[in-house]
């Protein structure tokens, strides 16, 4: 099935089995293996990518549903030597250990910060409208769709706060 | 140029303290960090080969029996399917850690539900998955023992796992205070975020394997033995591993299936386990039933300890969860009975999950100690301090160093233990405080590393050691940088390749000390060679920022090396110091919980750990290891539980939506302190293992806090709402 995907600014023409998930299209067909498969069931968040500005689990979506969509993967956020603020903050704060959930964490955090800017509330927000401070509780809640078995969670929170400019260091 | 050290004598030189670079112990960023945060570190299932086929494993659907036939022909007619494979070389389960040989093999005998018995290989993953789901197995069921509580279960009591001293029955009778309780822990799974996976291809008669391996040296022999080839014909690569926690110690069924299929089809084959297969077909930590007896005098001093534990395992597996491993030496008490029972059942293989033994054994002991503290009215920290033994009570050996009292004091001070007020509430939350001790045995394994000092002054470190998130790339870089006076940006560390010198591998908290010591020794040899060139004693040599200083004369390192690289291989080997003294790491946990008086839900509000593990090689990555261990403890205390169907033994909650590991919102901003320590008996760096200490007893800290908050004593982990709620006061 032919699908045109705009990934990290570049158009990719994919011709894959209609059963191919967006995750498997990235990994197995386009060799963009930065996006990870941890569960294939939308339970771990390792496969998080940003589609048209919103974070999604790419394992829960078929590639052919994304014809014409703009997709950002971890490879599109920065490269070694040219890291995004979040990527650099994850290195500085040890916001990882094995690194396998990390691309998903960083894609998720990138979109999450935009959600906060856009005034989206979370489960722990005091009100449904207004602005939200990036407290530890807000970040932890909003990042709880991304599992990390190495449990770098406290460092992930620190990295996100740092990158978001809330912590001077 | 080789440097070989058998650790027969303590090393009190503390050489790393006297180097000049200032890199060791610092929280240096991981050198591979930029690769990990950009998705460019390549894990096993990412080294895609041209023409690569995809294989999907098929599981047995009965607990015990035979696989009589499979309808391969029907599947091989489907689009894209290249082959359906099974046979006597398929692995029943992964090899145990350091097995060094094939585990039980063969797909015709089924020993547990979930056993991988066939592989469907196709041109695409989607085709292979469809083929695997469509494959019909003809099986004949045999009677199975599917629960450790079954009357039919065969129970073994290995002689070497039973010990007794004095007369515990009499001690219990004469004691001023006693605790006699049974504690149970459910099965756990490692759940590394990267599922087990392999890509295999053959070049002539040589197998090239990308795999999820913690211990390359052993894994090479395991895969060679499984496939039936010489270990010299296996090239295994595992430079990045997406977490292991014990589940990747031994070679797993995916790797051998991929190797066999690649040979059969003459093409590269990838096999990645699904998350469900990781639950069913790799390793579980056995559930435990632990009976404790504590006898204490009027001052709370222990006169006796009894610890009997029952665990389960598949038939024909030598490993059993060593639940009682640290009980003999943590506390005093001259009357003892310690023993293990192993029940043989037909269920997923039991193996190492982070800190086998202490993770569950010390957790139960530390709940029992809290019960004793309540009975005696002695502060739990004080009670533990009163029971620290002078020597290992089981055999009279000295401790290499003993830091439990210091860790208890440091943790109590940092947490503010004395200032706590019991009986507080916060809205509908009941607040409680708990603490527990941490202990883990310490060891090293034989390890080799090569260090090359290049003519341009750069350094290359090579060993087959792995970094499974543990910080190996960082600490080996730091050790060499410190010893040779070279900044980290001029050092390259190559890991996880069987062509490199053989290391102990990652497991049992021994990786950093073992592989690190081999790098240390290689560097020490290079320093001696440099000193020779300068005509000075090695002790008088200062190496810093690429410059050698001796007798007030400075020489660039690159000038000293000359035209060809200087190379040294360091070898560390365990020796008498591992036997003559008791080596262990110690620590203490403190926490505050809130228990909801309406729902019984427990939320961890804060938690602190103070740990001593000899020299800390990297303050940042060591702290991260402790955060990880403590969080495993949070999961063990509150949510993690493998649930088996008693009818067929299968794991019911075999995914991350049903088996609940802690998420970000479950983990507050944990704090960690390290105590300054040098253990001369451990190795020439005076370091000890830190990867597992953080889980050993951590769950008890939380359960003890729940008791403090509510009066509810949970002895059957985890402390889910249904266990807490019935004991809460009426609203």
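The values are calculated or read from the model by the stated rules, or taken from the named source; none is laboratory data. Everything numeric here is computed off the predicted structure, so don't read it as measured data. Here the Cβ is made from the backbone with ideal geometry for all residues, glycine too, and neighbour counts use every protein chain on show.
Odds and ends about this structure:
To keep it simple, each residue is scored yes or no on (1) touching a strand residue (DSSP E or B) at 6+ places or on another chain (Cβ under 9 Å); (2) on the phi > 0 side of the Ramachandran plot.
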| residue | (1), (2) |
| --- | --- |
| A:60 | yes, no |
| A:63 | yes, no |
| A:67 | yes, no |
| A:74 | yes, no |
| A:81 | no, yes |
| A:91 | no, no |
| A:99 | no, yes |
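- Screening the candidates A:38, A:78, A:42 for the property of being within 7 Å of another protein chain (Cβ to nearest Cβ) and under 21 Å from residue B:656 (Cβ atoms) yields one hit, A:38.
- Residue satisfying condition, being under 26 Å from residue B:320 (Cβ atoms) and not in a loop (DSSP other than H, G, I, E, B), within set B:117, B:145: B:117
- Top-ranked residue in the range B:29-50 [being touching a strand residue (DSSP E or B) at 6+ places or on another chain (Cβ under 6 Å) and surrounded by fewer than 22 Cβ atoms within 10 Å (Cβ to Cβ); ranked as farthest from the other protein chains (Cβ to nearest Cβ)]: B:49
- Residue within the range B:68-75 that is buried (at least 22 other Cβ atoms within 10 Å of the Cβ), in a strand (DSSP E or B) and touching a residue at least 12 places away in the same chain (Cβ under 8 Å) present: no
- Residue in the range B:642-676 that is nearest to the chain's Cα centre (by Cα), counting only those that are surrounded by fewer than 19 Cβ atoms within 10 Å (Cβ to Cβ), under 30 Å from residue B:64 (Cβ atoms) and within 14 Å of chain A (Cβ to nearest Cβ): B:660
- Per the listing B:200, B:224, the residue uniquely free of Cβ contacts under 8 Å to residues at least 24 places away in the same chain and over 20 Å from the mean Cα position of the chain (by Cα) is B:224.
- Residue B:311 meets the conditions (1) surrounded by fewer than 22 Cβ atoms within 10 Å (Cβ to Cβ); (2) more than 23 Å from residue B:176 (Cα to Cα) in every case but one. The failed one is (1).
- Residue A:63 vs. criteria under 30 Å from residue B:634 (Cβ atoms) and crowded, with 19+ Cβ neighbours inside 10 Å: no
- Of all the listed residues (B:310, B:293), the sole one being in contact with a helix residue (DSSP H, G or I) (Cβ under 9 Å, 6 or more places away or on another chain) and either outside the structural domain of residue B:422 (by TED's automatic domain parsing) or modelled with pLDDT under 95 (or both) is B:293.
- The residue of the range B:479-489 that is surrounded by the most Cβ atoms within 10 Å (Cβ to Cβ), among those that are away from chain A (no Cβ under 14 Å) and in a helix (DSSP H, G or I), is B:479.
- Where a residue in the range A:119-133 is away from chain B (no Cβ under 14 Å) and its partner, wherever it lies, is surrounded by 11 or more Cβ atoms within 10 Å (Cβ to Cβ) and in a loop (DSSP other than H, G, I, E, B), with Cβ under 6 Å and at least six apart: A:128/A:121; A:132/A:125
Listed here are the residues, each with its yes/no results for (1) touching a strand residue (DSSP E or B) at 6+ places or on another chain (Cβ under 8 Å); (2) farther than 30 Å from residue B:43 by Cβ; (3) touching a residue at least 60 places away in the same chain (Cβ under 8 Å).
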{"site": "B:488", "(1), (2), (3)": "no, no, yes"}
{"site": "B:508", "(1), (2), (3)": "no, no, yes"}
{"site": "B:527", "(1), (2), (3)": "yes, yes, no"}
{"site": "B:539", "(1), (2), (3)": "no, yes, no"}
{"site": "B:542", "(1), (2), (3)": "yes, yes, yes"}
{"site": "B:550", "(1), (2), (3)": "yes, yes, no"}
{"site": "B:555", "(1), (2), (3)": "yes, yes, no"}
{"site": "B:570", "(1), (2), (3)": "yes, no, yes"}
{"site": "B:589", "(1), (2), (3)": "yes, yes, yes"}
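- Pairs linking a residue in the range A:39-52 that is outside the structural domain of residue A:104 (by TED's automatic domain parsing) to a residue that is part of a strand (DSSP E or B), with Cβ atoms under 6 Å and 6 or more positions apart or on different chains, are A:42/A:57; A:47/A:57; A:48/A:55; A:49/A:71; A:50/A:72; A:51/A:71; A:52/A:70.
- Residues in the range B:152-186 that are within 30 Å of residue B:720 (Cβ to Cβ), part of a loop (DSSP other than H, G, I, E, B) and touching a strand residue (DSSP E or B) at 6+ places or on another chain (Cβ under 9 Å): B:153, B:186.
- Restricting attention to the range A:1-13 and to residues that are within 14 Å of chain B (Cβ to nearest Cβ) and touching a helix residue (DSSP H, G or I) at 6+ places or on another chain (Cβ under 6 Å), the residue that is surrounded by the most Cβ atoms within 10 Å (Cβ to Cβ) turns out to be A:8.
- Residue check: residue B:136 meets all listed conditions (1) modelled with pLDDT of 95 or more; (2) not assigned by TED's automatic domain parsing to the domain that holds residue B:228 but one, namely (2).
- Candidates B:594, B:575, filtered to the one that is surrounded by fewer than 21 Cβ atoms within 10 Å (Cβ to Cβ) and over 16 Å from residue B:480 (Cβ atoms): B:575
- For residue B:172, the test of being within 15 Å of residue B:246 (Cβ to Cβ) and either in contact (Cβ under 8 Å) with a residue 60 or more places away in the chain or under 28 Å from the mean Cα position of the chain (by Cα) (or both) is failed.
- Hits in the range B:334-352 - residues which are surrounded by fewer than 24 Cβ atoms within 10 Å (Cβ to Cβ) and part of a loop (DSSP other than H, G, I, E, B): B:334
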